[in-house]
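The values are calculated or read from the model by the stated rules, or taken from the named source; none is laboratory data. The structure displayed is predicted, hence computed values, not measured ones. Positions of Cβ are backbone-derived with ideal geometry, glycine not excepted, and every protein chain shown enters the neighbour counts. Each accessible area value is taken on the protein alone, full model and side chains, heavy atoms only, with ligands, DNA and RNA left out. Shrake-Rupley method; radii C 1.70, N 1.55, O 1.52, S 1.80 Å.
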Amino acid sequence: MSRREIVEIGNPVLRERARDVTLDELRSDAVQALIDDMIDTMRAADGAGLAANQVGETVRVAVVEVRPGNPRYPYKPPVPLTVIVNPVIEPLDDEVEQINEGCLSVPNLRGEVPRHVSVRVRYLDREGVEREEIRRGLTAGTFQHELDHLDGTLFVDRVVDRGTLTTWEQFERFHRAAFEERARRLVERVGS
Ligand code: ZN
């Protein structure tokens with residue numbers, strides 16, 4: 001495994017729609033190595049997820065993992081390592097919550113993004129097995145964020161109230177406590 005460079009906003013690859021991966025490709029050494037590298041890169045950067053576009057590859061592959069006590073997102077419920085290939089996401093109802101997000105490809109910026117509270121995610125795992133999961137709350141938001149990357153969308157595109165944009169330092173100073181309280185109530189109410 002090795003770490004790859006995370007590309008930042010402005011790099012056109014973040015604006016491309018990634019393409020589906022065939023089963024043969026998924027089983028190839030190249031794609032399996034890409035998945036290993038993405039896991040390594042996400043963990044090294046303390047991310048909650050990483051999409052292939054973020055390391056310059058336009059294939060529909062993303063990884064999600066929240067270890068307890070993640071320093072970037074200490075309020076997120078733990079999520080076991082999940083490799084999602086060719087994912088499809090579908091909201092289960094109309095409920096939407098504002099979630100404060102950041103992104104490894106958008107350095108030093110956070111903002112409030114409306115996200116569906118309950119979603120069904122269908123995807124292939126790294127072995128090519130079809131999976132289906134219901135995700136809720138902050139975890140649902142994380143999956144929506146990663147799927148957006150595969151469509152060339154960044155969280156900043158979805159910020160409705162631009163007055164919520166903040167650097168990480170100012171988030172810490174002025175907004176973190178209130179958001180963590182909202183996040184705690186959301187997790188309590190809907191789970192993950
Ligand atoms: Zn991101």
Checklist entry - If you take all C-alpha pairs in region 43-142, what percent of them are over 23 Å apart? => result 25
Checklist outcome for this item: At 25 °C in a medium of viscosity 0.890 mPa s, region 1-52 has a Stokes-Einstein diffusion coefficient, with Rh taken as the Kirkwood radius over alpha carbon pairs, in µm² per second, of 202
Checklist entry - In debye to the nearest 20, how big a dipole does the chain give about its Cα centre with +1 on each Lys and Arg Cβ and -1 on each Asp and Glu Cβ? => result 520
Checklist entry - Which of Val59, Met42, Leu138 sits closest to the plus end of the dipole of the chain, meaning its Cα is farthest towards the positive end, when Lys and Arg get +1 and Asp and Glu get -1 on the C-beta? => result Leu138
Checklist entry - Heavy-atom accessible area per residue, region 21-113, 1.4 Å probe: how many Å²? => result 37
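Suppose only helical runs count, i.e. DSSP H with n ≥ 4. What mean residue ellipticity at 222 nm does that imply for the chain under -39500 (n - 2.57) per run, divided by all residues and rounded to the nearest 500 deg cm²/dmol?
Mean residue ellipticity, 222 nm, calculated: -8500 deg cm²/dmol.
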Checklist outcome for this item: The Cα extents of the chain along the principal axes, largest first and rounded to whole Å, are 48, 33, 28
Checklist outcome for this item: Quick calc, Val96 & Ile9: beta-carbon distance into FRET formula, R0 30 Å, rounding 0.05, result 0.80
Checklist entry - Which residue, chosen from Gly128, Leu26, Tyr75, occupies the Cα position most advanced towards the positive end of the dipole of the chain, where the dipole is computed from +1 (Lys, Arg) and -1 (Asp, Glu) charges on Cβ about the Cα centre? => result Tyr75
Checklist outcome for this item: For region 150-192, the per residue accessible area (1.4 Å probe, Å²) is 65
Item to check | Computed Rg/Rh of region 119-192, alpha carbon atoms with Kirkwood Rh | outcome: 1.05
Checklist entry - Distance from the Cα centre of region 125-189 to that of region 90-120, in angstrom? => result 4
